[in-house]
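The values are calculated or read from the model by the stated rules, or taken from the named source; none is laboratory data. What you see is a predicted model; the values in this text were computed from it and never measured. Note: ideal-geometry Cβ built from the backbone for every residue, glycine included; neighbour counts use all protein chains shown. Surface accessibility is based on the protein's heavy atoms, side chains included, excluding ligands, DNA and RNA. Shrake-Rupley method; radii C 1.70, N 1.55, O 1.52, S 1.80 Å.
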Amino acid sequence: ADALEAFGEAFFFGYLGDGAWKNLRDAIDLHLQVGDKSDRDLARICARALETPVRWPGTMDSVPAEAEVHNYLQIGFDHAGTADNEERARLLTLKSFWPHAFGEALERSHETLVPPAESLAAGKEAVAMAERLRRGDLESGALDGVAANYLSQGLYRQALEMTNRRLELAEAIDDPWEMGDIYGMGGWVNFHLGRYRDAFSSADTGFRKTFERIPRVALHCLSWRAVSRYRLGDWDGVLADLDQGVTMLGGRSEAPPHFVSPMYAAAVLVHEIRGNHVDADRILALLRNLDKSAEPRDRDTTPLGRWASFLAPVLARRGNLQEAERLLVETSWRRGARAGLLMEAQCEIAVETTECQEVNGLVALARAEALRCGLEALPCWVDRLEGSRALRAGDTEGAIEAFRRASTGFERLGARWDLARSDLALAQALKDSGRGEEALAVLRPAVAFFAEMGARTEHEAALRMAGAS
């Protein structure tokens, strides 16, 4: 049993979750059969075994069934006692991660062995216990579990509070795995909110701190750094990060773990905007193969749906508006956690839609979601959509006002690509209202940016407009 536990630890730190789970689970079974371990020792092994399928399922090729995992959670609690101790704190933390580990089952059937309210309560209890034990590493993990509950509902404002508390603990934590996750989650949460500079900074710090010690954790940070670079307008950086990720993955670069795949999708969009269709199609084919081979828990009901917020705009640029809209509407994988990003893409595509009633409905839904979740970027997308709707209706002054709001918001967030496109739309509205000089003043930085980024379609449109003005 001790040998099995040692093997499990080795697999765990090798980022090979299937081997970790099997060996640690077998060690628990053998200890139960022989009865040779103290209660707290057995609870400790249960907590270690459960970390892989519950907190770090991305390390596994095949995640065990919820009922099997829950059985070992109960065994752990049966042996952990009720007083404050490390083992119980870890088990409570793992219970709080249930929506993260088994959220797909909950979304499909509305049934789970750990209801969301019970999961959140366990996380809060774990945080309080870790504080009493004065264990910053345990507190960080517990805060992550609480954040996981909020993320499953798309509540990023609340998740940011937990993430910022973890960032305050980061420098005092020796465990590189925990520390790397802190910075990776800083990238994740801030990106969804629209705080792209903070997302980049956190993910970049995490990558640099874990690159040599735990490369797989560094890859998680690298992916969030890459997608943040997309929004910040550093597209050469996106492709450079993807190249580095491919090198680090080695033989797995054609079938990357799901937590690395978003940067592949961001690279598809960069190549498409730049007119590099062959490169875009090559990565698209890789993502299609990845989709087909995914475990059921990581498979969307809609092909490519996991990357809809990046790939729907690709389809729209290719003229496949209906397919782009279908992808955004029908994608189901962790939809609650991605609602804001999906609505951003819907707003972008709806600019080309003439159905006023559908646009009105999307505007109302997006405004409500931004308010509910504290999303800072989504209102800018809605402003741009409202500007386009006003311009189509001949309300140039209303369009100018809406486009200005969008440009101001995107500039505040550092979203250079979206700022430039909003400025292009604003210049059109100014031109239509007979304010050619103002239009030219807005166009000049946009023309320079589009040229710098290699965005051919937008650059040519801006040049034509500047010439006409």
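Has segment 122-131 got at least one residue that is under 29 Å from Leu342 (Cα atoms) and in contact with a helix residue (DSSP H, G or I) (Cβ under 6 Å, 6 or more places away or on another chain)? Outline the logic, then answer.
Going residue by residue through segment 122-131, those that are under 29 Å from Leu342 (Cα atoms) are 123.
Still in the running and in contact with a helix residue (DSSP H, G or I) (Cβ under 6 Å, 6 or more places away or on another chain): 123.
Within segment 122-131 (the criterion being under 29 Å from Leu342 (Cα atoms) and in contact with a helix residue (DSSP H, G or I) (Cβ under 6 Å, 6 or more places away or on another chain)), the answer is yes, since at least one residue qualifies.
Listed residues Ser293, Ser253; which is under 21 Å from Pro57 (Cα atoms), open to solvent by 50 Å² or more (accessible area, probe 1.4 Å) and out of contact with any Asp or Glu (no Cβ under 9 Å at 6 or more places or on another chain)? Let's see the steps before the verdict.
Numbers: Ser253 fails: open to solvent by 50 Å² or more (accessible area, probe 1.4 Å).
Exactly one residue qualifies, and that residue is Ser293.
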* Structure fact -> Here the residues within segment 306-315 that are in contact (Cβ under 8 Å) with a residue 24 or more places away in the chain and touching an Asp or Glu at 6+ places or on another chain (Cβ under 7 Å) are Arg306, Ser309, Pro313, Val314
* To do: Being within 22 Å of Ala83 (Cα to Cα), open to solvent by less than 40 Å² (accessible area, probe 1.4 Å) and among the charged types (D, E, K, R) is the filter here, so list the residues in segment 1-56 that pass it.
  => Glu51
* **Count - residues of segment 389-400 that are open to solvent by 20 Å² or more (accessible area, probe 1.4 Å) and assigned to a helix (DSSP H, G or I)** => 6
* Structure fact -> Of (1) of a type outside the set (Gly, Ala, Ser); (2) under 27 Å from Gln153 (Cα atoms); (3) touching an Asp or Glu at 6+ places or on another chain (Cβ under 6 Å), Glu369 fails just (3)
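Taking segment 203-240, which residues are open to solvent by 50 Å² or more (accessible area, probe 1.4 Å) and among the charged types (D, E, K, R)?
First, the residues of segment 203-240 that are open to solvent by 50 Å² or more (accessible area, probe 1.4 Å): 208-209, 211-213, 215-216, 234, 236, 240.
Once the filter is applied, which keeps residues that are open to solvent by 50 Å² or more (accessible area, probe 1.4 Å) and among the charged types (D, E, K, R), segment 203-240 yields Arg208, Lys209, Glu212, Arg213, Arg216, Asp234, Asp236.
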* Structure fact -> Checked against (1) open to solvent by less than 50 Å² (accessible area, probe 1.4 Å); (2) farther than 23 Å from Thr59 by Cα, Phe200 satisfies every condition except (1)
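Quick check on Phe403: is it within 24 Å of Arg195 (Cα to Cα), touching a helix residue (DSSP H, G or I) at 6+ places or on another chain (Cβ under 8 Å), aromatic (Phe, Trp, Tyr) and buried (at least 23 other Cβ atoms within 10 Å of the Cβ)? Working first, answer last.
Details: within 24 Å of Arg195 (Cα to Cα): yes; touching a helix residue (DSSP H, G or I) at 6+ places or on another chain (Cβ under 8 Å): yes; aromatic (Phe, Trp, Tyr): yes; buried (at least 23 other Cβ atoms within 10 Å of the Cβ): yes.
It is true that Phe403 is within 24 Å of Arg195 (Cα to Cα), touching a helix residue (DSSP H, G or I) at 6+ places or on another chain (Cβ under 8 Å), aromatic (Phe, Trp, Tyr) and buried (at least 23 other Cβ atoms within 10 Å of the Cβ).
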* Structure fact -> Scanning segment 425-469 for residues that are touching a residue at least 40 places away in the same chain (Cβ under 8 Å) and of a type in the set (S, T, N, Q), the one farthest from Asp234 (Cα to Cα) turns out to be Ser469
* Please specify each residue of segment 270-283 satisfying the condition of being open to solvent by 10 Å² or more (accessible area, probe 1.4 Å) and either among the hydrophobic types (A, V, I, L, M, F, W, C) or under 17 Å from the mean Cα position of the chain (by Cα) (or both). => Val278
